[in-house]
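Input: a single structure, listed below in structure tokens.
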Amino acid sequence: MKLKSGFTIREIAGDYIVVPTGDNYLDFGAVISLNESGAFLWNQLQQPKSADELSAALAAEYGIDASIAAADTVDFVNLLKEHGLMCDE
């Protein structure tokens, strides 16, 4: 999995907001706010990663159970896909 280019996140008052850049600015009609773990996963996706790699990194970073990390990762990736922020590979 990999993020689509042309998007970044910015921390604003403790929240992480997905911000379109370049031509994406004109076509992106949503505001996506991420929590700290969402921002962590976003940063992990700066390089292509599998779902297993993402959930393992999340579990290690936050000391949570692997099954919880896997479920949270699926939810996060689905959110990104719904908003067209993931590349088709």
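Any read-out appearing in this document is the output of simple, stated calculations on the displayed coordinates, not a laboratory observation. Keep in mind that this is a model prediction, so the values were computed, not measured. Backbone-built Cβ (ideal geometry, glycine too); neighbour counts: all protein chains shown.
For the pair Val31 and Asp52, what calculated FRET efficiency results from E = 1/(1 + (r/R0)^6), where r is the Cβ-Cβ distance and R0 = 30 Å, to the nearest 0.05? If you can, show how the numbers build up before the last one.
Values: r = 30 Å, r/R0 = 1.00.
Efficiency for this residue pair is about 0.50.
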Report summary line: Ile64 and Arg10 label points (each 7 Å along its Cα→Cβ direction) are spaced in nm at 2.7
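Tell me which DSSP H helices of the chain clear both cut-offs, 15 Å or more of axial length from alpha-carbon atoms and a mean Kyte-Doolittle hydropathy of at least 0.0.
For the chain, where a helix must reach 15 Å along its axis and average at least 0.0, the hits are 51-62, 66-82.
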Query raised in the report: Calculated from DSSP H runs of 4 or more alone, at -39500 (n - 2.57) each and per residue, what is the 222 nm mean residue ellipticity of the chain, nearest 500?
Result: -14000 deg cm²/dmol
**Report entry** Most positive-pole-ward Cα, Asn35, Val19, Ser55, against dipole of region 7-82 from beta carbon charges
**Finding:** Val19
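Give me the dipole magnitude in Debye, nearest 20, for the chain about the Cα centre, with unit charges on the beta carbon: positive for Lys and Arg, negative for Asp and Glu.
On the way: 5 positive and 14 negative charges, 41 e Å.
Value, rounded to 20: 200 debye.
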Report summary line: Other residues with Cβ under 13 Å from the Cβ of Leu34 give, with Lys and Arg +1 and Asp and Glu -1, a net charge of -4
**Report entry** Surrounding net charge for Ile68, when Lys and Arg each add one and Asp and Glu each subtract one, Cβ distance under 14 Å
**Finding:** -4
